[in-house]
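Everything on this sheet refers to the single structure shown next.
Readers should treat all values here as calculations from the given coordinates under stated rules, not as data from a laboratory. Small disclaimer: the values here were computed from a predicted structure and weren't measured. Counting neighbours? That spans all protein chains shown, and the Cβs are built from the backbone with ideal geometry, glycine included.
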Amino acid sequence: MNPAISVVDIEDPWEIEYLKKHLSSSGEIKNFKETAGLVLDKIKDSAILSTFINSKVDKKIIDSLPNLKFIATRSTGFDHIDVDYARKKGIVVSNVPTYGENTVAEHTFALILSIARHLKKAHVKASKCDFAIKGLMGFDLKGKTIGVVGTGHIGLRVIKMAVGFSMKVLAFDPKPNQFLSEVLGFEYADFETLLGRSDIISLHAPYNKKTHHLINEDSIKLIKKGAILINTARGGLVDTVALARALDQGALAGAGLDVLEGEDIILEEKQLLMRRRKELHTPEKLQLTLRNCFLLQRENVVFTPHIGFYSKQALQRILDTTIGNITGFLNGNPVNPVS
């Protein structure tokens, strides 16, 4: 009997058809645009669950799926999955180790350039037929220092692009690669030094207990006054309250954000409203949502709704790797397991 395969957090018809085309012989496939927590009653028989970053696959979800043997997340990050508990239950978890280093890096520079050249403010003015250039003076990237936090696949691609812009590059990583620093022409520094010397700080670190609120009240005090913060990694790397205060006080000149702390809450609330269901709103959830809304209204904050990965080519690579992960598991040879 073929296993039940549930695919959640997926909307694009072509993605669904592509997965079904390549996995139909492997099992019965169900697909849902909602997060896993909202369709538990429909996926209880799942042996395989393919999810994305918006679904929190925690102990409650795992315990609700008694037949679950394999989780294939269609992402590089897996902080939305309780991997330790899954392991205790004998459930294998695989991810997509690399698929969009160039995709996310390109988006990173889209945000950097948007802040550097006041594109948000210019667009708003022009849409009102105000073509005066006062207040729109930007700055060149050439000669500026960019601090790259995390030199994995994406971070290294950002560094290569920065070098192409004739920027100076500092990098921080717990496991520095001195060979690559010499080849690519950048310098490793400790975190505090990077914050103090960088004109632009770009985050490319994974999210975990150690990196939670990496940018906070204390670390912001070390940042070079007037620097710009870019985050295309995970929202939880940045303390929203501390960021808003730094922008208010001018400690930071601007921020380019593709991710927000608590963005999963916002998405799930939207899905609940669409389904005309009620949920108890905790004060913490409401406060975080309000803080994000006020943050995004600022002229010096450019926000995109977690689309740094979202190109046709990157999605194709994600799907191909996910298909390989699922078929590998079914053939008794799991690939890309997370640890």
Electrostatic dipole magnitude of the stretch 1-157 [Cβ: Lys, Arg +1; Asp, Glu -1; Cα centre; debye, to 20]: 540
For the chain, what does the helix formula give at 222 nm: sum of -39500 (n - 2.57) over DSSP H segments with n ≥ 4, over the residue count, nearest 500 deg cm²/dmol? -11500 deg cm²/dmol
Report the charge-dipole magnitude of the stretch 101-303 in Debye, nearest 20, computed about the Cα centre from +1 at each Lys and Arg Cβ and -1 at each Asp and Glu Cβ. 600
In a GNM of the chain with a 10 Å cut-off on Cα contacts, which of ARG291, ARG157, ARG234 has the highest mean-square fluctuation? ARG291
Roughly what would the spin-label model give for ASP63 and LYS20, points 7 Å off Cα along C-beta, in nm? 3.5
Which pairs in the list LYS121/LYS225; LYS21/LYS88; LYS69/LYS175 are over 24 Å apart, alpha-carbon to alpha-carbon? LYS21/LYS88; LYS69/LYS175
For LYS20, counting only lysines whose alpha-carbon sits under 19 Å away and dropping same-chain residues fewer than eight positions off, the answer is LYS30, LYS33, LYS42, LYS312
Hey, can you grab everything whose amide H is under 5 Å from the amide H of GLY254? Only 5+ residues off in sequence or another chain; H modelled, so Pro and N-termini drop out. LEU229
Cα gyration tensor shape for the stretch 131-222, rounded if a/c is under 1.5, else prolate or oblate: oblate
Considering only SER50, SER6, LEU111, whose Cα is most displaced toward the positive end of the charge dipole of the stretch 1-151, charges sitting on Cβ of Lys, Arg (+1) and Asp, Glu (-1)? LEU111
Which angle between 0 and 90 degrees, to the nearest 10, do you get for helix 153-164 versus the longest principal axis of the chain when only C-alpha atoms count? 30
Cα pair distances in the stretch 1-117, grouped into 5 Å bins until the bin that holds the longest one, percent each: 2, 11, 20, 21, 18, 11, 7, 5, 3, 2, 0, 0
Cα-only Debye scattering, the stretch 101-303: base-10 log of I(q)/I(0) at q = 0.12, 0.14, 0.17 Å⁻¹: -0.63, -0.84, -1.16
For ARG74, ARG317, ascending order of other Cβ atoms within 10 Å (fewest first) is ARG317, ARG74
If you line up the long axis of helix 263-274 against the longest principal axis of the chain, both from Cα atoms, how many degrees apart are they, to the nearest 10? 60
Run the dipole for the chain about the Cα centre, Lys and Arg Cβ at +1, Asp and Glu Cβ at -1, nothing else charged, and hand back the magnitude in debye, nearest 20. 440
Near PHE131, within a Cβ-to-Cβ distance under 14 Å, what is the net charge of the other residues, with Lys and Arg +1 and Asp and Glu -1? +3
Rg and Dmax of the chain over Cα atoms: what are they, in angstrom? 21.2, 69
Which FRET efficiency, nearest 0.05, do ASN331 and MET137 yield, Cβ-Cβ r, R0 51 Å? 0.30
May I ask you to list the lysines whose Cα is less than 21 Å away from that of LYS221, ignoring any residue fewer than eight positions away on the same chain? LYS144, LYS210
